[in-house]
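Q: Here it is, the structure, as structure tokens.
Nothing in this text is a laboratory measurement; each read-out follows from the coordinates by a stated rule. Remember, predicted model here, so these are calculated numbers, not experimental data. Because the Cβ atoms are built from the backbone with ideal geometry, glycine has one as well, and the counts that use them run over all protein chains shown.
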Amino acid sequence: MKRTMQAQTSQNTPLKVAITVWDDRVSPVFDVAHMLLVAEIEDQQVGKQHYQRFDPTAMAQLIALFAEQGVGCLVCGAVSREPAELLEAAGIELIPFITGNVEDVLQMLVCKEPEWVEMKMPGCGCKVCCQGKIRRSQAIQPVPPDVFFRQQK
């Protein structure tokens, strides 16, 4: 069952989160990342942490690993549609298109109401990636040129 960050505060068990890591930063692309930082969050504090190697092309193994370790949330950079859909279908809360230092991300995760705006990847519009419209095949409709030019006048 999916445990959102908000639901975590009302439960006694820690929420385990995974962050794709490259050096000390969020890996810019999930699809080629090979390292996760898995951390426990409880009572608005970061607890135990460990690094875990993974193969982004073996999604069934990653989902099984998350289930085995109790990981309920994944923070990553850009992610392709197929892995995003598989993770979400498995009940993993996905926070994609994040950039920045891993420690800053962990501190954001312990907030009651995280504000990801400052950590969104450049060019990431919240109406697209944050609400999953692309992953749900609700493509953005282009504005017809005549409408665009009327709006500019």
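Q: So for the pair Met59, Gln44, with labels modelled 7 Å out along Cα→Cβ, what separation do we get in nm?
A: 3.6 nm
Q: Check which residues have an amide H placed less than 5 Å from Leu74's amide H, if you skip close sequence neighbours.
A: Correct list: Ala18, Glu93, Leu94, Ile95.
Q: Order these by the 10 Å Cβ neighbour count, fewest first: Phe97, Phe54. Show your work: numbers first, answer last.
A: Values: Phe97 25, Phe54 17.
Ordered by Cβ neighbours within 10 Å, fewest first: Phe54, Phe97.
Q: Output ³J(HN,Hα) for the range 85-100: one whole-Hz value per residue in order, computed from phi by the Karplus curve 6.51 cos²θ - 1.76 cosθ + 1.60 with θ = phi - 60°, and x for Gly and Pro.
A: So the J values, rounded to whole Hz, are 5, 5, 5, 5, 5, 7, x, 8, 6, 9, 10, x, 6, 9, 10, x.
Q: Please give the contour-minus-distance gain from Met121 to Asp31: 0.36 nm per residue of separation, less the Cα-Cα distance, rounded to one decimal in nm.
A: Numbers: separation 90, 0.36 × 90 = 32.40 nm, distance 1.57 nm.
Between Met121 and Asp31, full extension yields 30.8 nm more.
Q: Rounded to whole Hz and in sequence order, give me ³J(HN,Hα) for the range 33-45 from the Karplus expression 6.51 cos²θ - 1.76 cosθ + 1.60, θ = phi - 60°, writing x for Gly and Pro.
A: After applying 6.51 cos²θ - 1.76 cosθ + 1.60, I find 6, 9, 9, 10, 9, 9, 9, 9, 10, 8, 6, 6, 9 Hz.
Q: Something else about it: Which residues' amide hydrogens lie under 5 Å from the amide hydrogen of Trp22, considering only partners 5 or more residues apart or on another chain, with H built in the peptide plane?
A: Hits under the 5 Å cutoff: Ser27.
Q: Another question about this same structure. Report D for the range 5-121 in µm² per second (integer): Stokes-Einstein, Kirkwood Rh on Cα pairs, 4 °C, 1.567 mPa s.
A: On the way: Rh = 14.0 Å.
In µm²/s, the coefficient is 92.
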